[in-house]
Amino acid sequence: MMNIKRTRRDLHGVLLLDKPQGMTSNDALQKVKWLFNAKKAGHTGALDPLATGMLPICFGEATKFSQYLLDSDKRYRVIAKLGERTDTSDADGQIICTKPVKVNESQINQALTHFRGDILQVPTMFSALKYQGKPLYEYARQGIVIEREARPITVYENQFIQFDAIKNELTLEIHCSKGTYIRTIIDDLGELLGCGAHVIYLRRLQVSNYPIDKMIRLDALQNRSEKDELLMPVDSPLQGRPKITLTNAQGKDILLGRTIELENSTHAETLVRIYQGQQFIGAGVMQSNKLSPKRLISTL
């Protein structure tokens with residue numbers, strides 16, 4: 001029997017997938033792309049296989065603006081197992097150190113103050129950061145340790161939820177900036193407490209300002225006949241950015257790649273959403289009274 005190749009369709013928008021545990025972000029992306037029969041799709045920042053939760057999938061023209069979701073704030077619920085340290089800082093790794101847990105809630109809350117606000121974090125070796133073209137985790141699997149520079153991150157909120165002293169399990173909710181490794185926060189917290197710790201549960205609750213209730217599980221998506229209505233608009237990765245509305249003539253100039261002058265004025269360089277009337281046409285940079293295109297929609 002001859003296999004008939006499906007014709008992929010043009011599709012534009014953002015799906016808020018609730019990624020299941022045990023699946024890589026790329027596998028989840030490919031599954032969703034197949035379910036929508038979409039030509040072009042990409043995710044906006046990988047979740048570890050252990051992790052679940054919000055994984056925005058951008059389709060078509062929305063992929064042009066996925067970087068702004070990579071750069072956005074995130075919110076997580078995490079459960080840490082105290083008393084055991086692993087080589088990956090999570091439950092998928094090998095236990096490399098075991099120590100008795102002799103901490104109470106007050107000591108934990110005191111330690112958490114070190115992981116709030118603007119801090120420097122040394123990324124884990126088991127990360128996708130690249131060194132000489134290869135992800136760090138490939139070196140880590142070979143037992144090679146690469147020296148990493150500490151990077152500035154911001155932890156806006158690191159909320160104590162509960163501590164189960166019987167199971168030695170600590171639950172936190174963390175709201176943080178881009179580039180934050182929750183596994184590293186937990187590993188560093190465990191070292192500060194003197195007992196070691198690793199992540200046993202991680203759920204991403206939110207990316208940017210996307211609503212939590214708009215997430216859909218993969219099994220629910222598979223069983224749904226009407227899927228396109230689940231998509232968030234193409235301009236949603238830029239939510240919260242200032243909006244500039246142009247006339248048809250101004251919009252045509254921007255779409256031709258020209259910088260235009262407006263009556264609006266800003267002191268600092270500002271990323272804005274650009275609309276030609278009611279139609280979103282892309283992202284631009286506003287400085288003083290000049291607007292320059294940055295990422296433009298090619299399919300209107």
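The values are calculated or read from the model by the stated rules, or taken from the named source; none is laboratory data. As the structure is a computational prediction, the values presented were derived from the model and not from experiment. Glycine gets a Cβ as well: all are built from the backbone with ideal geometry, and neighbour counts include every protein chain shown. All accessible areas refer to the heavy atoms of the entire protein, side chains included, with ligands and DNA or RNA removed. Shrake-Rupley method; radii C 1.70, N 1.55, O 1.52, S 1.80 Å.
Between MET286, VAL234, ILE119, the Cα set farthest toward the positive side of the dipole of the chain (charges on each charged residue's Cβ, about the Cα centre) is that of VAL234.
Here LEU262 and LYS294 are evaluated by their C-beta separation; at R0 = 25 Å the FRET efficiency comes out at 0.95. Helices assigned as whole DSSP H runs in the chain whose Cα atoms extend at least 15 Å along their own long axis and whose mean Kyte-Doolittle hydropathy is 0.5 or higher are found at 182-193.
Across GLU263, GLU138, the residue with the most accessible area heads the list, and the full order at a 1.4 Å probe is GLU263, GLU138. Stretched out straight at 0.36 nm per residue, the stretch from THR245 to GLN110 would grow longer than its current Cα-Cα span by 43.7 nm.
Normalised by the number of residues in segment 43-154, the mean separation of alpha-carbon contacts (under 8 Å, six or more apart) gives a relative contact order of 17 percent. Extension gain for ALA165 to TRP34 (0.36 nm times residue separation, less C-alpha to C-alpha distance): 42.7 nm. For segment 1-157, the equivalent ellipsoid built from the Cα gyration tensor has semi-axes of 35, 19, 17 Å, listed from largest to smallest.
A Förster distance of 30 Å, applied to the separation of the beta-carbon atoms of GLU191 and ILE212, puts the FRET efficiency at 0.40. Against the criterion of solvent-accessible heavy-atom surface with a 1.4 angstrom probe, HIS198, HIS12 sort, most first, into HIS12, HIS198.
What is the chain's relative contact order, in percent, from Cα pairs under 8 angstrom and six or more apart in sequence? This gives 21 percent for the chain. The base-10 log of I(q)/I(0) for segment 224-300, evaluated at q = 0.22 Å⁻¹, reads -0.95 [Debye formula, identical scatterers on Cα atoms, solvent excluded].
Accessible area per residue for the chain is 53 Å², calculated with a 1.4 Å probe on protein heavy atoms, without ligands, DNA or RNA. Annotation: GLU226 carries an accessible surface of approximately 120 Å², with a 1.4 Å probe and no ligand, DNA or RNA atoms counted.
Among the protein heavy atoms, those of ARG204 account for about 10 Å² of accessible surface (1.4 Å probe, every chain in place). About the centre of its Cα atoms, segment 75-172 shows a dipole size close to 80 debye [charges on the beta carbon of Lys, Arg (+1) and Asp, Glu (-1) only; nearest 20 debye]. In the set [x] 0.99; [y] 1.03; [z] 0.96, the label that goes with Rg/Rh (Cα atoms, Kirkwood Rh) computed for this structure is [y].
Lys and Arg at +1, Asp and Glu at -1: add these up for the other residues within a Cβ distance under 13 Å of LYS64 and post the number. With Lys, Arg at +1 and Asp, Glu at -1, the neighbours total +2. In this structure LEU262 has an accessible area near 20 Å², from a 1.4 Å probe over the protein heavy atoms. The slack between LYS134 and ALA91, meaning 0.36 nm per residue of separation minus the straight C-alpha distance, is 13.1 nm. Note on GLN21 and ARG9: the model spin-label points, each 7 Å out from Cα along the C-beta direction, lie 3.5 nm apart.
Which of the pairs LYS19/LYS227; LYS64/LYS290; LYS19/LYS214; LYS19/LYS74 have their Cα atoms more than 18 Å apart in this structure? Exceeds cut-off: LYS64/LYS290.
For HIS267, HIS43, the ranking by accessible surface with the largest value first comes to HIS267, HIS43, using a 1.4 Å probe. Taking a sphere under 12 Å around the Cβ of TYR139 and counting the other residues whose Cβ falls inside, with K and R at +1 and D and E at -1, yields a net charge of +2.
Measuring between their Cα centroids, segment 160-192 and segment 1-76 lie 27 Å from each other.
Surface composition of the chain: carbon plus sulfur atoms contribute 47% of the solvent-accessible area (1.4 Å probe, protein chains only, all chains present).
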